[in-house]
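The values are calculated or read from the model by the stated rules, or taken from the named source; none is laboratory data. Computed from a predicted model, the values in this text were never measured in an experiment. Don't worry about glycine lacking a Cβ; one is built from the backbone with ideal geometry, like all the others, and counts go over all protein chains shown.
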Amino acid sequence: MKRNRDEKGSTRPPLRTPDPPFRIEKDQALIPSPHLQPALAQSSAAVAYTDADTGITFDTWTVAPTSSAAGLTFGVALPEDALTSDASEFIGYLSCNNPGWCGLSLGGSMNSNLLLMAYPSPDNATEILTSFRFSSGYAMPTLYGGNATLTQISSTVNDTNFSLLFRCENCLAWDNEGVTGSASTSNGRLVLGWAQGTEAPTSASCPDDLAVVQHEAQSIWVGILDSAPSADYTTWTDLATEAVRGTCDDSGGGDDGGDGDDDVTGIPVPSNATYDYIVVGSGPGGMVTADRLSEAGHKVLLIEKGPPSIGRWGGTLKPTWLEGTELTRFDVPGLCNEIWVDSAGIACPDNDQMAGCVLGGGTAVNSGLWWKPYSKDFDEGFPEEWKYESMTGSIDKVFERIPGTTHPSTDGVLYLEEGPNVIIDGLVASGWKETDFNEEPEEKYRSVGHSPYMFSDGQRNGLMATYLVSANGRTNFEMWVNTTVRRVVREGSTATGVEVQPFVTGGYEGTVQLSEGGRVVLSAGAFGTPKILFRSGIGPEAQLNVVKNSALDGATMINETDWINLPVGENLMDHPNTEIVVQHPDIVFYDFYGAWDDPIEADKNSYLNNRTGPLAQAAPNVNPVFFDQVKGPDGITRQLQYQARVEGSHGVADGHTITISQYVGRGQTSRGKLSINSGLNTVVSTLPWLTDENDVDAVVQGLQRVRQSLANVTGLTWAYPTSNTSISDYVASLPLTGRGSNHWMGSCKMGTDDGRTSGTAVVDLDTKVYGMDNLFVVDASIFPGMISTNPSAYITSVAERAAERILALGTTESGGAGENEKPRCKRGKNRRHAARHAGSHHAGRL
């Protein structure tokens, strides 16, 4: 296959360094997070430090200053027996090279762990203020509700640094309204996270009331404990005498957390409105289902939790240089990675993984990768009636409407090809086949090519420019945005409607009624759909009891006699991600992050006038992609996908650098679980990544093959891991936390083994929830097994098939065709206000 080797962009100067590539002193290895949640951190040895004024000895770890990290040092001293009996407290040392703020996670990741923030007081030049925080989602962490206390020993503040010695009691085990966790000292290490922001907190005189913008840098490390335990610990605690509270009084402050459902007055649901189908969620599953059901003549309501995204539907979020155009940040492929530095008003605040709460769901915020499905994914991972032969008609329908492209720029040129060509040429020289993956979807073994995208006309488009447009053109279709579905209202096994409330201004409030014989379809995603089911009395008894005992839903929870015990939340899957970083002098970096504020003028004009140039391509130059397969000791063949992006990570600077993510797909056997907490946020309670050693073996085999295949490339250097580190040692050094790619699936598994009677399935082969007459699920949560690629096109294809099967069950009593209402996209004028979260930085490639 011939490639365009256009030289455009080869002399572009880098604008700024967006990712936090930082160096660690001596042998330490704090790794910046390239994906959601905890980074792929290696263990780091401690450096002993004794404070000259107090004599306290700490184990410390230092983040060296770089272009994106101001730098900090954190240390701990522990009780004498901390290595044999888990400590509940520590004495801390925090030194920040930063006039803004520093933050620590005492469990590694931002979400579901105790957070501590520190910053210079805005009112007293000699004081440092601190605040304990907690987060279950991608929003400003709220005040911690547990009993942790901090008393200060000493502090110093100057123009470029602040430092603090403090005692932190009840800080190594936490309980925030039923969400519990702990940091174990007896295993000889702590998994810790850090974040920094250069902009000072606002409303910060009382730490309870502060707000911060998103950090510039963060990461996670595994700190090996050495000198921290001491027989003098009890003596040192006597030095901690001062609780510095700023202007706070006993009344406290801050907000009440959650997702804001109860903070906004909604528009009353029209009293006479009934629908044949209520579809919840406007991701790919919801858009396709709503389109096909309305096409069949039924009256359909599509409900989206968040606001509009792309300009076509009234979205408004955009950088300054898009003002005066119909485009938003979601329309421009080259701005897609901005979500990892500014997710305010976009990310769902009610689960602990990144998800898009906007019109279009994940297809509005992801990299737009669009894979024609591979036959073995259905033949090996799906039940009868869902095998590939049964899916081909649905797949054809999808790709007739959204064929995808490997050349997103409207001039047909692939820009910034220097870096991707280094990898492509090296693999081809080692015998890999170069191909177009959507022309040859079965080529998934030692094959390499360019990434296919859903984009068209130089914009994101995808389902929002096809399925949603055709649905909205019908008089029997209606769409509400800014509206949360709290629960499915049901009488025994029959859904009668859904209860809604406003997510932001302009959302609806009340109960939406089904027509006689109507149906509800949940398409809220692998986290959103289980949450609605739990709140509707459907799921494991333990999860339903959490809802029953919650402050929000306890009084209105459906009676226990009507609970349906199904394994909702089990079978949770995600592609485990393991990264490598290579460098070559021919690789050219393009600063897509810098393009948000200061795009290269020629590139900006090229895009605005013609939809051409680098900004028509997905950030950060997501190419090439390649596939391999390995057979494990258990005899199962596992699919490996490799996705390259032209940027630095893991402490390796941008410039001549490519980061390559390896995903384990089809055949993987590791599974996790999600749960709901007392705040009614969904959280990953059992990690799904590489819990089976056979999956780990596939990671090692695959990376060894890549290293061998690229050995022929003159000038290529391995930056992470370095060439003198074996792949097996490298993989063994990585913790299992934070290994995800944000491709969540499987939490409402489809199958024939009814989960009410010790089976594993939540929905049947028609996607109907077991035990319900008229409740269906159509999204990635029903996938029984793992697939080989990014899931958007698969979800779309499954939704085509699901809509066909739902319609084949028979029509509802009231068809709804010919309704004399004009289609409406109801939305509020005001964007949800949310401070940028103080958590993870970079992109899971969605």
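Side notes on the structure shown:
- Unmet criterion (only one of (1) part of a strand (DSSP E or B); (2) of a type in the set (D, E, K, R); (3) within 25 Å of Leu687 (Cα to Cα)) for Arg519: (3)
- The strands (runs of 3 or more DSSP E) falling completely within the stretch 116-176 include none with 2 or more residues that are not assigned by TED's automatic domain parsing to the domain that holds Ser205.
- Condition met for Asp250 (at negative phi, modelled with pLDDT under 95 and of a type in the set (Asp, Glu)): yes
- Any chance Thr392 is among the hydroxyl-bearing types (Ser, Thr, Tyr), surrounded by fewer than 24 Cβ atoms within 10 Å (Cβ to Cβ) and closer than 20 Å to Ile787 by Cβ: yes
- Residue in the stretch 712-729 that is among the polar types (S, T, N, Q) and buried (at least 16 other Cβ atoms within 10 Å of the Cβ) present: no
- Counting only helices (runs of 4 or more DSSP H) that fall entirely inside the stretch 540-634 and contain at least 2 residues that are in the same structural domain as Leu775 (by TED's automatic domain parsing) and surrounded by fewer than 18 Cβ atoms within 10 Å (Cβ to Cβ), the qualifying elements are 541-548.
- Residue within the stretch 130-153 that is surrounded by fewer than 21 Cβ atoms within 10 Å (Cβ to Cβ) and of a type in the set (D, E, K, R) present: no
- Sole exception among (1) within 26 Å of Gly297 (Cα to Cα); (2) within 25 Å of the chain's Cα centre (by Cα); (3) assigned to a strand (DSSP E or B) for Glu499, by number: (2)
- Of all residues making up the stretch 669-692, the number that are under 17 Å from the mean Cα position of the chain (by Cα), part of a loop (DSSP other than H, G, I, E, B) and within 12 Å of Gly740 (Cβ to Cβ): 3
- Residue in the stretch 480-492 that is of a type in the set (Gly, Ala, Ser) and either without any contact (Cβ under 8 Å) to a residue 12 or more places away in the chain or in contact with an Asp or Glu (Cβ under 7 Å, 6 or more places away or on another chain) (or both) present: yes
- Taking the conditions (1) assigned to a helix (DSSP H, G or I); (2) under 14 Å from Pro624 (Cβ atoms) in turn, Phe437 satisfies each one other than (1).
- Ala200, sole failed condition from (1) within 24 Å of the chain's Cα centre (by Cα); (2) not in a strand (DSSP E or B): (1)
- Count of residues meeting criterion [touching a Gly at 6+ places or on another chain (Cβ under 6 Å) and more than 19 Å from His575 (Cα to Cα)] in the stretch 618-652: 3
- Single match in Lys548, Lys531 (criterion: of a type in the set (Lys, Arg) and either closer than 27 Å to Gln459 by Cβ or free of Cβ contacts under 8 Å to residues at least 24 places away in the same chain (or both)): Lys548
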